[in-house]
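Q: Here it is, the structure in full.
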There are 4 protein chains.
Amino acid sequence: MAERVLNVGLVGGGAGAFIVHPHQKAIHFDGTRRVVCGALHPDPEVALEEARNWPVSIRGYKSYDAMIEEELKLPEGERMDYALVVTPNHVHFDPAKKALEKGIPVFCEKPLTVTLEEADELVRIVNERNIPFCTAHTYLGHWTSRLSRHIVRSGLLGKIRWVDAHYIQGWLAGRAEDQGVIQAEWRVDPTRAGISGCGGDIGTHSLMQLRYVTGLEVTRIQAFLETFVEGRRLDDHFTVYCELDNGGKAIIRSSQICIGHKNDLGIEVNGEKGTLIWSQEEPEKLVIHLTGQPDRVYWRGEVQADDGFLGDLPDSLMAEPTIPSGHGEAFHDAFARLHRCFEEDVRAYQKGTYQREDGSRYAMVEDGRIGIAFLKAAVESNNNDHGWITVK
Amino acid sequence: MAERVLNVGLVGGGAGAFIVHPHQKAIHFDGTRRVVCGALHPDPEVALEEARNWPVSIRGYKSYDAMIEEELKLPEGERMDYALVVTPNHVHFDPAKKALEKGIPVFCEKPLTVTLEEADELVRIVNERNIPFCTAHTYLGHWTSRLSRHIVRSGLLGKIRWVDAHYIQGWLAGRAEDQGVIQAEWRVDPTRAGISGCGGDIGTHSLMQLRYVTGLEVTRIQAFLETFVEGRRLDDHFTVYCELDNGGKAIIRSSQICIGHKNDLGIEVNGEKGTLIWSQEEPEKLVIHLTGQPDRVYWRGEVQADDGFLGDLPDSLMAEPTIPSGHGEAFHDAFARLHRCFEEDVRAYQKGTYQREDGSRYAMVEDGRIGIAFLKAAVESNNNDHGWITVK
Amino acid sequence: MAERVLNVGLVGGGAGAFIVHPHQKAIHFDGTRRVVCGALHPDPEVALEEARNWPVSIRGYKSYDAMIEEELKLPEGERMDYALVVTPNHVHFDPAKKALEKGIPVFCEKPLTVTLEEADELVRIVNERNIPFCTAHTYLGHWTSRLSRHIVRSGLLGKIRWVDAHYIQGWLAGRAEDQGVIQAEWRVDPTRAGISGCGGDIGTHSLMQLRYVTGLEVTRIQAFLETFVEGRRLDDHFTVYCELDNGGKAIIRSSQICIGHKNDLGIEVNGEKGTLIWSQEEPEKLVIHLTGQPDRVYWRGEVQADDGFLGDLPDSLMAEPTIPSGHGEAFHDAFARLHRCFEEDVRAYQKGTYQREDGSRYAMVEDGRIGIAFLKAAVESNNNDHGWITVK
Amino acid sequence: MAERVLNVGLVGGGAGAFIVHPHQKAIHFDGTRRVVCGALHPDPEVALEEARNWPVSIRGYKSYDAMIEEELKLPEGERMDYALVVTPNHVHFDPAKKALEKGIPVFCEKPLTVTLEEADELVRIVNERNIPFCTAHTYLGHWTSRLSRHIVRSGLLGKIRWVDAHYIQGWLAGRAEDQGVIQAEWRVDPTRAGISGCGGDIGTHSLMQLRYVTGLEVTRIQAFLETFVEGRRLDDHFTVYCELDNGGKAIIRSSQICIGHKNDLGIEVNGEKGTLIWSQEEPEKLVIHLTGQPDRVYWRGEVQADDGFLGDLPDSLMAEPTIPSGHGEAFHDAFARLHRCFEEDVRAYQKGTYQREDGSRYAMVEDGRIGIAFLKAAVESNNNDHGWITVK
């Protein structure tokens, strides 16, 4: 059953980058994927230098254009099997589009693009070519996110009335962008980050968690974008009141100025018959409250379908490789799960058996597009005295 | 230094009542106050019957009018020293007004009244007569509420940018009002509860906690009132986005349909230099996050002023009678602290030395009035497509 | 059905005392009991002075001998109905014995006595006279202690294999006894505290919690008593490995030198089918782990018998007066519950209907005696190179 | 700076194995190490079959003897650079010895060996040859284990009085060994596991955590080994009272029959000036209690040396690759950190610059040996009516 190791090419990820590091670990995690090449920086010479500095030997390219062109000349097994796009937001669209057009599957950071038009274009190409594309919403990779999805969609909680999805951070409470923090610099720069700072960076994660777990869509919103740090050019605090397509309501609360919060992404789903609570900083567990029952705290690795409450658990969920509970999974494990699922699709794609599905294992290009549409509506509502705007 | 025991007269609190029970314990808690009489029910005969059923012998009256009149004929030391009003909302105003007009201090449940006009009238009388009046915002009685107030007002967190005050419950997720739950019945009935259900019952607590701790006032709001339970006549879910008078913003989130939440009142205050987090369900502690410091978890009974952070702690705070940490204080302790402080003011009032102060120990009549103004603005905003309304 | 207020007389509890304060609150808590007299200090003049300084007017006596004699001359309804003994350990026996011999019920602090002979004598008198006697093991008064007892004894956890009962504090990590802390002074003085410091003060609570919850008796022990603080004359750290009478084993871990621990009393019971965990610093909940089930977290006030696991809950448990969950009960509530149950027995005693029972509501004189026997065996084992000693 | 990828050969780890999986992920984690070959099973044919079933292509061998012999014939860069021994306990010694004698560094599971003589022999060889050897005490790999070590050794807590190191599990509460659970089968079989079950499997982890963090050695012990599950041939519950070489005392508590506990390894260190608490199930944080200070909760990724308490933090600690706090590290990250540090030493060894050091980054062969000596003393004490035995 041994297969060859799958090859990944990087777009972005040079020195000072952050998100490339967990991706790198997630790629190598299982021993069945590896990084083989990269266009690591917009400056061609820096790009080559960074490639030479990579911990192990990889093929460096001056640009992603060059990488796409040259890699395709290599024999299968040697050349890049999929591209990972980890550039600032404004450089997602172009490399993703070019790789897709050459038939190369793409794993792309979020928010998907800077404009809705670009997002629409990516959706079009992906659908036309039936090619694997992952929008990197990491937190879907937690096993408990998958269990949450199953529980809410199983109807155990009854009709969903209210959802609170939040992602609260504190790292931008001061002017980090003026203190040489590269990660801060581009995130607060409209030319690189797009129309929303906090909303784009983490509000989209809250939205995705809400949609992934509940299967509900946000139809109309009133949005409140604040910029608490003086002189900052984008929002650093982002609150949205939402109507859902089942008649329920939701709130999305995101902030980057709440000192003490780290990556406090969480979701609470309140249904007519019960509540589910999940937090990414304690991703090993989820809590269910059912009328007449005590709190039920489920731990990854300990969940049993025959507990009298959960009903049948999907085979796909139970078959996910995990470690015994009490030996925690965390961020890298979640990241690795996404790449592991994506690997499966890339292998199917190469064998000609790939069929796009419903986004139950990772976020699809359409999910990325909805994030962009949501941001657009949020900014419009905010600029319109916080009135109602339809998300479309 | 032994003083005579102070006498309390009850308005409301007959069989099926809830809030009278913690009040009763809070009154007796220290051995320096006791219940001596009551007009326990609107029906005169039931009122007398209920008084006869009281665990120990008290004077029963057919009505609060009768009680006020008759008690004043008794000698000092025997007669009621202050009145406790624990009726449904629509019966706060009249007994409170009548007692005050006879010079009897009043400890009154919240929300203060049903209309703003009534609230204005009580404010007027209390000021005119310089008489003790407490609006029963219990949670101010937690020692850690008082410490929170000191910390935020000391400037340790810098300028306040954002406040999240919430009070989430789940007990009205079903139609409790149709199942013989007296506490539910009147709370969802506009004729008894007033213009807002969830907002009036617990939203006002969130607001009070915000105002008490930060010293900031809410100036303008957009409000979202939901009624999730079909057929219910008042809101059971209440979200308000707020502008504060220092330029900061806040959210007040209240709900009674979130299964699993009990009395989940909490506040988080985010300043330019740090964050404070407090929750009434774990009232023994509060957490401070300061840039460059680990989380600092303070426990009631263990706090020391010379820790290099807190600065001087007010004598009044440190002198509050408490028990050593690890032996928890809870709801009854908080309730008792309010009555203890009120007792002090009543004794001063009887000696002619009472001066109204700033509400640092319990909520004043003005605080109650602001709660009513807030509810009025919230309903107006909600009815006006959630547009901005000024709180006044 | 109003009854007269029951009268309590204090032995001990003058200035600097600690435990009298929660007792005082617990006595007054319900409005059906009150303090009416006291012999508050061994020095007759101080005793009278302290009584004059009591917050409200009480009858002061120069000695407990005088108090017992004089009170009995007063008419029923005016005289003391029961005595509360809150002196240092070496002054428990004499006043308790004298009160009992005059037919006055006694509520006595723990450890019961200084010697086993004294304890035997009290047991003898109490049984002979069939008179109410409570050993003040406060923590039994938590509603969740009672629920724990029911769950373990119901067999839900199967046969009990292992019990970990601990009580960890940190307040004696330094030489508090040299810094004017009265509470420390007598606790580390063998002439006043008895043969064990930490073991007597808090080890006995661990033992009592174990026995109360499980119904098992400790038969044989190996004990390790440490004195970590130089110059201290009694143990400040106390570990005991136990054999139980059902063939199971247990550990009792107590310490007063673990900085950061406050009153960290807890118990974990491991049976063949499940585990129960309870902690007095979070007394509102208990956790049950059953094979194949998620953690089940029960909250006081939310427990329902028909949850498919608990089976029938005793009426006596469900009838205990409590407040809704989320409005916490804590130390004073637990203390009050003991006095409330004791009040019931005192009233029955006065009516001639009292029958001593099984200690399901508070610790009996026999429970106090077992604590003393346990301490004696622990010291003997420790002095005997930690070899096995039978508790008898 | 790019280096070639380092090659790892596996001894053990075929189907049904557990610990090989986290090792595999830890090996590949950084992209600088990989599995290239394996002798995966004692049965030669199964061994080859298992190798063919490995997710990617590796060289399969019939035995570790064959693997060691054949690999050495391959050119550097292709051949195995270090061996990972993940067999049951009784098959640690032979392959480790043989690899070491051929100059191949060894990463070996714990407990190190079955007898003390074997452990002594490995210590001798490793010292003689100055060759990298890691005993796989995973939990040292948590960043917070390293911070704990720094804090305790810095003297911040003062002289250490008492240490509580525990590792509690519940997975052997029933007869898992009779239900086809391979992991249970060999662990309770004296011929494969050695003289202690619970003590060997997890008691040694508690001991190692104690020694790693405090730098103290256990000198004398009284041990209590229990077998709660009927018919089991080794202990499933293991409690040891310890004397430490600084005059302090400690307890090591391990169990495998406490239902609900997963991998509950934790340590509490009580010094004269403060306390440190750490738990591997929440490895992102540690808590310090200092007299006069609130609880201080430190989070990996947020720790700053200039907080006024920690003093200088070692460069090596601060330079450890981690991800920002709030994006959790967990079991695989800890495992990977050990392999990453070991890789560094293997590379130095290959360059001839390796010097054995003090075990600050992973457990040395000597640490493994002390674990075996401890087990031997524990069994001896237990068999000797729990009397004192010196660990040597």
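Q: Show the residue pairs that are 6+ apart or on different chains and have beta-carbon atoms under 7 Å apart, the first residue being within the range A:75-87 and surrounded by 24 or more Cβ atoms within 10 Å (Cβ to Cβ), the second being at pLDDT below 95.
A: Close Cβ pairs (under 7 Å, with a partner that is at pLDDT below 95) amount to A:VAL86/A:GLY13; A:VAL86/A:ALA17; A:VAL86/A:ILE19; A:VAL86/A:VAL20.
Q: Would you check if D:HIS205 is of a type outside the set (Phe, Trp, Tyr), modelled with pLDDT of 95 or more and in a strand (DSSP E or B)? So that I can check it myself, show each step before the final result.
A: On the way: of a type outside the set (Phe, Trp, Tyr): yes; modelled with pLDDT of 95 or more: yes; in a strand (DSSP E or B): no.
No.
Q: Is there any pair linking a residue in the range A:1-17 that is on the phi > 0 side of the Ramachandran plot to one that is acidic (Asp, Glu), with Cβ under 9 Å and at least six apart or on different chains, and which?
A: A:GLY12/A:GLU109; A:GLY13/A:GLU50
Q: If you take the residues in the range C:241-270 that are facing another protein chain (nearest Cβ under 8 Å), touching a residue at least 40 places away in the same chain (Cβ under 8 Å) and assigned to a strand (DSSP E or B), which one is farthest from A:GLN293 (Cα to Cα)?
A: Result: C:SER255.
Q: To continue, here is another question. Which residue pairs have Cβ atoms under 8 Å apart, sit 6 or more places apart or on different chains, and have a first residue in the range A:177-191 that is farther than 21 Å from A:GLY13 by Cβ and a second that is at pLDDT 90 or above and hydrophobic (A, V, I, L, M, F, W, C)?
A: Taking only residues 6 or more apart or on different chains, the pairs are A:PRO190/A:LEU234.
Q: Okay, moving on. Would you confirm whether or not the range A:322-342 contains a residue that is among the small types (Gly, Ala, Ser) and free of Cβ contacts under 8 Å to residues at least 12 places away in the same chain? Break it down into steps so the answer makes sense when it comes.
A: Pass one, the range A:322-342, residues among the small types (Gly, Ala, Ser): A:325-326, A:328, A:330, A:334, A:336.
Adding the requirement that they be free of Cβ contacts under 8 Å to residues at least 12 places away in the same chain leaves none.
Among the residues of the range A:322-342, not one is among the small types (Gly, Ala, Ser) and free of Cβ contacts under 8 Å to residues at least 12 places away in the same chain, which makes the answer no.
Residue-wise test of (1) of a type in the set (Phe, Trp, Tyr); (2) away from chain D (no Cβ under 11 Å).
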residue	(1), (2)
A:GLY14	no, yes
A:LYS25	no, no
A:THR32	no, no
A:VAL35	no, no
A:ALA39	no, yes
A:TRP54	yes, no
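Q: A follow-up question, please. Within the range B:321-338, identify whether any single residue is away from chain C (no Cβ under 12 Å) and among the acidic types (Asp, Glu), and answer yes or no.
A: No: the range B:321-338 contains no residue that is away from chain C (no Cβ under 12 Å) and among the acidic types (Asp, Glu).
Q: For the subset of the range C:370-381 comprising residues that are of a type outside the set (A, V, I, L, M) and touching a Ser or Thr at 6+ places or on another chain (Cβ under 8 Å), which member is surrounded by the most Cβ atoms within 10 Å (Cβ to Cβ)? Steps first, answer last, please.
A: We begin by selecting, within the range C:370-381, every residue of a type outside the set (A, V, I, L, M); these are C:371, C:374, C:376, C:380-381.
Of the ones still in play, those that are also touching a Ser or Thr at 6+ places or on another chain (Cβ under 8 Å) are C:371, C:374.
Details: C:GLY371: 26, C:PHE374: 29.
Among those that are of a type outside the set (A, V, I, L, M) and touching a Ser or Thr at 6+ places or on another chain (Cβ under 8 Å), it is C:PHE374.
Q: Turning to a different aspect of this structure: Step by step: first the residues of the range D:306-320, then only those that are at the interface with another protein chain (Cβ under 10 Å from one of its Cβ atoms) and without any contact (Cβ under 8 Å) to a residue 24 or more places away in the chain, then the one that is surrounded by the most Cβ atoms within 10 Å (Cβ to Cβ). Which residue is that? Before you say what the answer is, go through the steps one by one.
A: Applying the first criterion (at the interface with another protein chain (Cβ under 10 Å from one of its Cβ atoms)) to the range D:306-320 yields D:306-310.
Still in the list and also without any contact (Cβ under 8 Å) to a residue 24 or more places away in the chain: D:306-308.
Numbers: D:ASP306: 10, D:ASP307: 15, D:GLY308: 11.
Out of the qualifying residues, it is D:ASP307.
Q: Out of curiosity, is D:VAL297 more than 24 Å from C:VAL229 (Cβ to Cβ), within 13 Å of chain A (Cβ to nearest Cβ), touching a helix residue (DSSP H, G or I) at 6+ places or on another chain (Cβ under 8 Å) and of a type outside the set (Lys, Arg)?
A: No: the conditions fail for D:VAL297.
Q: Any idea which residue in the range A:182-204 is farthest from A:GLU109 (Cα to Cα), counting only those that are surrounded by fewer than 16 Cβ atoms within 10 Å (Cβ to Cβ) and touching a Phe, Trp or Tyr at 6+ places or on another chain (Cβ under 9 Å)?
A: A:ILE182
Q: Restricting attention to the range B:272-291, which residues are facing another protein chain (nearest Cβ under 8 Å), in a strand (DSSP E or B) and over 17 Å from D:GLN293 (Cα atoms)?
A: Within the range B:272-291, B:GLY274, B:THR275, B:ILE277 qualify.
Q: Only residues that are of a type outside the set (Gly, Ala, Ser), touching a helix residue (DSSP H, G or I) at 6+ places or on another chain (Cβ under 8 Å) and closer than 19 Å to D:ALA47 by Cβ: list them for the range D:71-88, please.
A: Answer for the range D:71-88, where residues must be of a type outside the set (Gly, Ala, Ser), touching a helix residue (DSSP H, G or I) at 6+ places or on another chain (Cβ under 8 Å) and closer than 19 Å to D:ALA47 by Cβ: D:ARG79, D:MET80, D:LEU84, D:VAL85, D:VAL86, D:THR87, D:PRO88.
Q: Shifting gears a bit: Going through the range C:119-143 one residue at a time, which ones are more than 18 Å from C:GLU344 (Cα to Cα), in contact with a Lys or Arg (Cβ under 8 Å, 6 or more places away or on another chain) and not aliphatic (A, V, I, L, M)?
A: If we filter the range C:119-143 for residues that are more than 18 Å from C:GLU344 (Cα to Cα), which is where we start, we get C:119-125, C:127-128, C:139.
Now restrict to residues that are in contact with a Lys or Arg (Cβ under 8 Å, 6 or more places away or on another chain): C:119-123, C:125, C:127.
Across the range C:119-143, the qualifying residues are C:ASP120, C:GLU121, C:ASN127.
Q: Being within 26 Å of C:SER325 (Cβ to Cβ) and not in a loop (DSSP other than H, G, I, E, B) is the filter here; which residues of the range A:295-318 pass it?
A: Matches in the range A:295-318: A:ASP295, A:ARG296, A:VAL297, A:TYR298, A:TRP299.
Q: Does B:ARG220 satisfy being within 25 Å of B:HIS142 (Cα to Cα), within 14 Å of chain A (Cβ to nearest Cβ) and surrounded by fewer than 24 Cβ atoms within 10 Å (Cβ to Cβ)? Full working, then the answer.
A: Working: within 25 Å of B:HIS142 (Cα to Cα): no; within 14 Å of chain A (Cβ to nearest Cβ): yes; surrounded by fewer than 24 Cβ atoms within 10 Å (Cβ to Cβ): yes.
Against the criterion (within 25 Å of B:HIS142 (Cα to Cα), within 14 Å of chain A (Cβ to nearest Cβ) and surrounded by fewer than 24 Cβ atoms within 10 Å (Cβ to Cβ)), B:ARG220 does not qualify.
Q: Could you run through the range A:173-186 and say how many residues are away from chain B (no Cβ under 12 Å), part of a loop (DSSP other than H, G, I, E, B) and on the phi < 0 side of the Ramachandran plot? Don't jump to the end; show me each part of the working.
A: If we filter the range A:173-186 for residues that are away from chain B (no Cβ under 12 Å), which is where we start, we get A:177-186.
Those left that are additionally part of a loop (DSSP other than H, G, I, E, B): A:179-181.
From what is left, the residues that are on the phi < 0 side of the Ramachandran plot are A:179, A:181.
Here the count works out to 2.
Q: Just one of D:ILE277, D:ILE323, D:ILE288 is buried (at least 16 other Cβ atoms within 10 Å of the Cβ), modelled with pLDDT under 95 and over 18 Å from the mean Cα position of the chain (by Cα); which is it?
A: Values: D:ILE277 fails: modelled with pLDDT under 95; D:ILE288 fails: modelled with pLDDT under 95.
Every option except D:ILE323 fails the conditions.
Q: Scan the range B:364-392 and report the pairs whose first residue is within 14 Å of chain A (Cβ to nearest Cβ) and whose second residue is among the basic types (Lys, Arg), with Cβ atoms within less than 9 Å and a gap of 6+ or a chain change.
A: B:TRP388/B:ARG220; B:ILE389/B:ARG220; B:ILE389/B:LYS376
Q: A follow-up question, please. Count, please, the residues in the range A:327-359 that happen to be in a loop (DSSP other than H, G, I, E, B), of a type outside the set (Val, Ile, Thr) and either modelled with pLDDT of 95 or more or buried (at least 24 other Cβ atoms within 10 Å of the Cβ) (or both). It would help to see each step written out before you state the result.
A: If we filter the range A:327-359 for residues that are in a loop (DSSP other than H, G, I, E, B), which is where we start, we get A:327-330, A:352-359.
Filter once more, so that each one left must be of a type outside the set (Val, Ile, Thr): A:327-330, A:352, A:354-359.
Keeping just the survivors that are either modelled with pLDDT of 95 or more or buried (at least 24 other Cβ atoms within 10 Å of the Cβ) (or both) gives A:327-330, A:352, A:354.
Total meeting the criteria: 6.
Q: Could you say whether any residue in the range D:155-166 is away from every other protein chain (no Cβ under 12 Å), of a type outside the set (Phe, Trp, Tyr) and surrounded by 24 or more Cβ atoms within 10 Å (Cβ to Cβ)?
A: Yes, the range D:155-166 contains at least one residue that is away from every other protein chain (no Cβ under 12 Å), of a type outside the set (Phe, Trp, Tyr) and surrounded by 24 or more Cβ atoms within 10 Å (Cβ to Cβ).
Q: Among the residues of the range C:133-150, are any more than 25 Å from C:VAL269 (Cα to Cα) and modelled with pLDDT of 95 or more? Step through it out loud before you land on a result.
A: Here is the first cut: in the range C:133-150, the ones more than 25 Å from C:VAL269 (Cα to Cα) are C:133-134.
If we keep only those that are modelled with pLDDT of 95 or more as well, we get C:133-134.
Yes, the range C:133-150 has at least one match.
Q: When the residues of the range B:126-164 are filtered to those that are assigned to a loop (DSSP other than H, G, I, E, B) and over 14 Å from the mean Cα position of the chain (by Cα), which remaining residue is nearest to B:GLY371 (Cα to Cα)?
A: So in the range B:126-164, the residues assigned to a loop (DSSP other than H, G, I, E, B) come out as B:130-132, B:136-137, B:142, B:155-159.
Retained after the next criterion (residues that are over 14 Å from the mean Cα position of the chain (by Cα)): B:130-132, B:155-159.
Values: B:ASN130: 21, B:ILE131: 20, B:PRO132: 19, B:GLY155: 26, B:LEU156: 28, B:LEU157: 26, B:GLY158: 26, B:LYS159: 24 Å.
Per the criteria, the residue is B:PRO132.
Q: Let me ask you something else. For the range A:1-22, give me each residue that is under 22 Å from A:LEU74 (Cβ atoms) and either surrounded by fewer than 17 Cβ atoms within 10 Å (Cβ to Cβ) or in contact with a strand residue (DSSP E or B) (Cβ under 6 Å, 6 or more places away or on another chain) (or both).
A: A:ALA2, A:GLU3, A:ARG4, A:VAL5, A:LEU6, A:ASN7, A:VAL8, A:GLY9, A:LEU10, A:VAL11
Q: Given the conditions (1) touching a residue at least 60 places away in the same chain (Cβ under 8 Å); (2) under 24 Å from the mean Cα position of the chain (by Cα), and given that D:GLU282 satisfies all but one, which numbered condition is not satisfied?
A: (1)
Q: Is one or more of the residues making up the range D:77-96 in contact with a Cys (Cβ under 6 Å, 6 or more places away or on another chain) and either among the hydroxyl-bearing types (Ser, Thr, Tyr) or within 14 Å of chain A (Cβ to nearest Cβ) (or both)?
A: Checked against the condition, which is being in contact with a Cys (Cβ under 6 Å, 6 or more places away or on another chain) and either among the hydroxyl-bearing types (Ser, Thr, Tyr) or within 14 Å of chain A (Cβ to nearest Cβ) (or both), the range D:77-96 yields no hits at all.
The values are calculated or read from the model by the stated rules, or taken from the named source; none is laboratory data. Keep in mind it's a predicted model, so treat the numbers as computed, not measured. A quick note on method: Cβ atoms are made from the backbone with ideal geometry, for glycine too, and the neighbour counts reach across all protein chains shown.
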